[in-house]
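Okay, structure first, notes after.
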Amino acid sequence: MTTTDTGALPATRRPPRSAPAAHSPGAARALTRPQRRAGWLLLAPGLAHMTLFVAVPMLLALGFSFFAYDFLQAPRWVGLDNYRTLLHDDRFHTALWNTTLYTVVIVPVGMALALAIALGLDQRIKARGFFRTAYYLPHMTATVAVAVVWLWLLDPNAGALNNFLALFGVARVNWLGSTTWALPAIMALGIWQGLGTKMVIYLAALQTVPAELKEAARLDGANRWQVFRNVTWPAIASGNLFVLITSVIFSFQVFEQVYVMTRGGPINSTLVLTYDIYLNAFTRLRFGYACAEAVVFLLIIGLVTLAVMRFNRGARDA
């Protein structure tokens with residue numbers, strides 16, 4: 001009796017080769033030349049923008065930071081003198097302090113308010129689409145236009161805010177002319193205008209939380225706060241990190257509100273780094289010094305961003 005090996009494949013037939021997975025290292029090499037050419041063509045506008053309006057200006061600013069240049073005479077090499085002067089510049093210290101204080105206040109307050117609004121608008125309520133649009137509209141409006149409207153609202157004589165407070169017997173306040181209230185007024189505008197973007201990101205993150213997890217937590221007896229703390233909050237961690245980093249970067253770049261509403265006053269109480277760079281470059285014609293200040297400003301933003309990411313990674317691993 002002879003036995004036949006039914007499991008063997010004929011020599012003339014081989015199993016088909018599977019195509020490389022899309023996520024495998026060999027997938028990129030499998031692209032054809034027209035596909036690669038199309039990919040680079042689609043990337044070209046973004047790469048051109050980044051090169052011409054980001055990379056090149058950054059390199060030029062770094063180079064000019066080692067020169068004394070006033071637009072009228074040829075640049076003169078001064079080495080690190082601009083950076084040494086910056087360390088002892090009281091205006092720079094004031095601008096750095098005001099910018100840091102502005103960021104420390106509006107980032108957590110704005111994030112908390114945006115998350116609370118997103119949680120409310122994530123529920124099944126009437127006119128939910130209208131409220132989402134209404135909260136997002138300030139972000140779509142030009143900051144200069146918004147600042148002009150707030151100038152009227154905060155006017156010490158005819159402003160709507162003072163007129164409203166007067167109904168309760170509160171004395172009129174010179175909001176933008178007071179060293180005590182000018183910076184908080186700028187902060188209030190920053191918080192209000194930034195709510196829309198944060199709210200949209202939080203809404204997108206909240207809609208990715210599995211409903212089954214929240215329902216299971218409720219069945220186990222968890223109340224709303226416990227469901228939020230133990231289920232919702234960990235699930236939106238990536239969205240929360242994105243909101244935090246972008247909020248820090250944008251708050252450090254505050255400029256239009258200060259330019260339109262206070263011009264850094266009164267007595268430099270609202271002077272911020274971006275506005276001080278603008279003044280040094282285009283008012284005092286200290287272009288090299290302004291470039292040095294911009295380089296330091298960029299380093300500060302980079303270090304703060306890295307610190308936030310490291311802190312978030314440590315808190316997540318704990």
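The values are calculated or read from the model by the stated rules, or taken from the named source; none is laboratory data. Fair warning: this is a prediction, and the values are worked out from it, not measured in the lab. Each accessible area value is taken on the protein alone, full model and side chains, heavy atoms only, with ligands, DNA and RNA left out. Shrake-Rupley method; radii C 1.70, N 1.55, O 1.52, S 1.80 Å.
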Next on the checklist: Please state the shape class of segment 90-317: rounded when a/c is under 1.5, otherwise prolate if a/b exceeds b/c and oblate if not, all from the C-alpha gyration tensor.
Outcome noted: oblate
Next on the checklist: Using only DSSP helix segments of four residues or longer, with each worth -39500 (n - 2.57), what per-residue ellipticity at 222 nm results for the chain after dividing by its residue count and rounding to 500?
Outcome noted: -20500 deg cm²/dmol
Item to check | Residues with amide H under 5 Å from that of PHE67, placed H, sequence gap 5 or more | outcome: VAL78
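So, for the chain, what is the accessible surface per residue at a probe of 1.4 Å, expressed in square angstrom?
That works out to 64 Å² for each residue.
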Checklist entry - Considering the chain as a Gaussian network with a 10 Å cut-off on Cα pairs, which listed residue, ASP81, ASP89, ASP220, attains the greatest mean-square fluctuation? => result ASP220
Checklist outcome for this item: When the chain is treated as a Gaussian network with springs between alpha carbons less than 10 Å apart, the largest mean-square fluctuation among ILE125, ILE106, ILE301 is found at ILE125
Checklist outcome for this item: Taking a ≥ b ≥ c as the square roots of the Cα gyration tensor eigenvalues, with a/c under 1.5 meaning rounded and otherwise prolate when a/b beats b/c or oblate if not, segment 16-161 comes out oblate
Next on the checklist: Just to be sure I understand: with springs between alpha-carbon atoms less than 10 Å apart, which residue in GLU293, GLU215, GLU256 has the highest mean-square fluctuation in the Gaussian network model of the chain?
Outcome noted: GLU215
Item to check | Relative contact order, percent, the chain [alpha-carbon distance under 8 Å, six or more residues apart] | outcome: 26 percent
Item to check | Shape of segment 209-284, Cα gyration tensor, a/c cut at 1.5 | outcome: prolate
Item to check | Carbon plus sulfur fraction of accessible area for segment 128-178, probe 1.4 Å, in percent | outcome: 70 percent
